[in-house]
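Any read-out appearing in this document is the output of simple, stated calculations on the displayed coordinates, not a laboratory observation. Note that the structure is predicted; figures quoted are calculated from it, not measured. Neighbour counts run over all protein chains shown; Cβ positions are idealised from the backbone, glycine included.
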Amino acid sequence: MKARRNVSVKLSGLLLAVCVGATGAAARQDTTPPKLQANAEAQRFKIAGIVVNTITGAPLERVKVSVADTRNRMRVIGMATREDGHFEFADLPPGKFALQGSKRGYITSSYEQHEQYSTAIVTGPDFSTDKLVLRLMPMAMIQGHVLDEAGEPVRSARVTLYMENHREGMSRVTTAGSATTDDRGYFDIELLRPGTYFASVNAKPWYAVYPHSEQNGVNNVPQVLDVAYPTTFYGGGTEAESAVPIELKGGEHRQIDVHLSPVPALHLVFHVPTDAEGQANGFRMPILQKQVFDSQEYVQPGQMQPVSPGVFEMTGIPAGRYSVSLKSSNPEEAEQFSEMNLTRDGQDLSATRGEALGKLNVTVKMPDDEPLPRQYVVGLLDARQKPAGFQQGDPNGQVSFGALKSGKYTMAIGAMGKWYAVMRTISGAGEASPGNVVSLAPGATVEVTAELVEGKVRIEGVAEKNGKPVSGVMVALVPSDPEAHVELFRRDQSDFDGTFLLQGVIPGTYTIVAVEDAWGFDWMKAGVLARYVQHGQQVIISEKMHSTLHLPDPVEVQSR
């Protein structure tokens, strides 16, 4: 078992060269005899191989295949595969090339692609690049019918598809597509990747009638008409936890049917302020949401109508647990948020005053008063590292978030082609704290200034196992406190020659790890990376470093 290598001491000797823009690679190039270097550059190479169906292994003809120079993505050469799936790009110079294939009905993919990462093909005298296999996954489809309690088709039902997502090292179930049923109750959602899916249906019974409640509580509409369909998942359950997973294979056309059953519709009330004449003053309708997997989804009521001065009735809602938001007509009052279990007629949505929602106003400040990026986005992550909101920043650096629950939030900054992190947060009272965490009390309006630091360092290295370069492995730059600083992670996939590039690295202390077969597992969970980090390679990036850092030692590839 190898101990973790601490290369910070070794790197300190290279710091001066890094700061002035020189690199280890450049120094090595200078030692190459000019004649040999010229001969290498004069050689020409080819990238060739076959494109196949990932599932069947059969060759694919008429696939659009392209190679792009990774140093200049505008340099792209394209061709179509022959009947036998063969492609060939000849007369290529030494270098790195991104290989990609696309065909109708298949997922466009790069060579050995995982998530948004892939392995670049390296041309040169030491690499065999003429027998490559580029695999394309056929797209799948989920289709079916939505049927009512009599087995009849339900028209205009909303079918939502969710996919189990392991991107970025954390499992989530996120929306993957939607469709509306036609007059046959039929729907289809296509262009799907293989994976685990769930489906939900929202619809209204075509025959439903939501009567106005009389003051004596009597109406003339039969109960069988005053009904609603609860959100129903494939498998028949009405809560996400009971949803039956749909295991979808590449190229599969899966048929599913969802049957809806009506339940009594609730008649809920809420109060609004009135003026001297009993008229509603600044009416605000409650907003109902339901937790579905990892997101909150809006619930559309059947009808909303007044029943008496200052009292409104909401109908067409099936019983269940809901998040209820109430916004006051008084702009000085904070919006209220409650978790409510709605089970009976007459429940007052405004009777239980829940938590007051807060606001966060952020002023983004660039280091050394540099100008802000032309376009940038500020995001908030909650305590579970789930997105709580994203806002486009304005040219003056002002960003506002409303209707936030109390708790701690992590700020993240995104800009095209740039990497930033919040180095320090300054409160409205002028108190400074390191990092990017903001605490929000119920109903509070918090003003903060987020001072940014730009990640200007690139880390280049090679992943090896038993002294040999390994391609296609996940390389991760892990911050010293990974759970508190998700935004500092950087990843790449090793190329044909085992090399990798981690860009936009923020100053700090990190450990670099290379792990085989790591794509798609929950490496962001607390403690999962710990066993890899103890055998990784430590790197310290100082604020003075602004160029490319070449690791002097290879990163040893670890088995998952």
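Brief remarks on what is shown
- For the peptides 485-495, 512-522, the ranking by packing is 485-495, 512-522, with the highest mean count of neighbouring Cβ atoms within 10 Å listed first.
- Counting beta carbons within 10 Å around each of 311, 224 and listing the fewest first gives the order 224, 311.
- Summary of packing: across the peptides 387-393, 503-509, the per-residue average of other C-beta atoms within 10 Å ranks them, highest first, as 503-509, 387-393.
- D (Stokes-Einstein, µm²/s), Kirkwood Cα radius, the stretch 334-395, 1.002 mPa s at 20 °C: 138 µm²/s
- Evaluated over the stretch 386-427, the Cα radius of gyration and Dmax, each in Å: 11.6, 33
- Highest average packing first - 427-435, 471-479, 249-257, Cβ atoms within 10 Å: 471-479, 249-257, 427-435
- Neighbour counts of C-beta atoms inside 10 Å place 117, 186, 298, 510 in the sequence 298, 186, 117, 510, starting with the fewest.
- Per-residue Cβ neighbour counts within 10 Å put 523, 206, 419 in the sequence 206, 419, 523, beginning with the fewest.
- Rounded to the nearest 5, the antiparallel percentage of DSSP beta bridges internal to the chain is 80%.
- Distance histogram in 10 Å bins (all Cα pairs of the chain, percent per bin): 3, 13, 19, 22, 19, 12, 7, 3, 1, 0, 0
- Subset of 46/103; 468/544; 96/525; 46/465; 408/456; 386/465 violating a 31 Å alpha-carbon distance limit: 468/544; 96/525; 386/465
- As a ratio to 2.2 N^0.38 Å, the alpha-carbon radius of gyration for the stretch 358-454 is 0.99.
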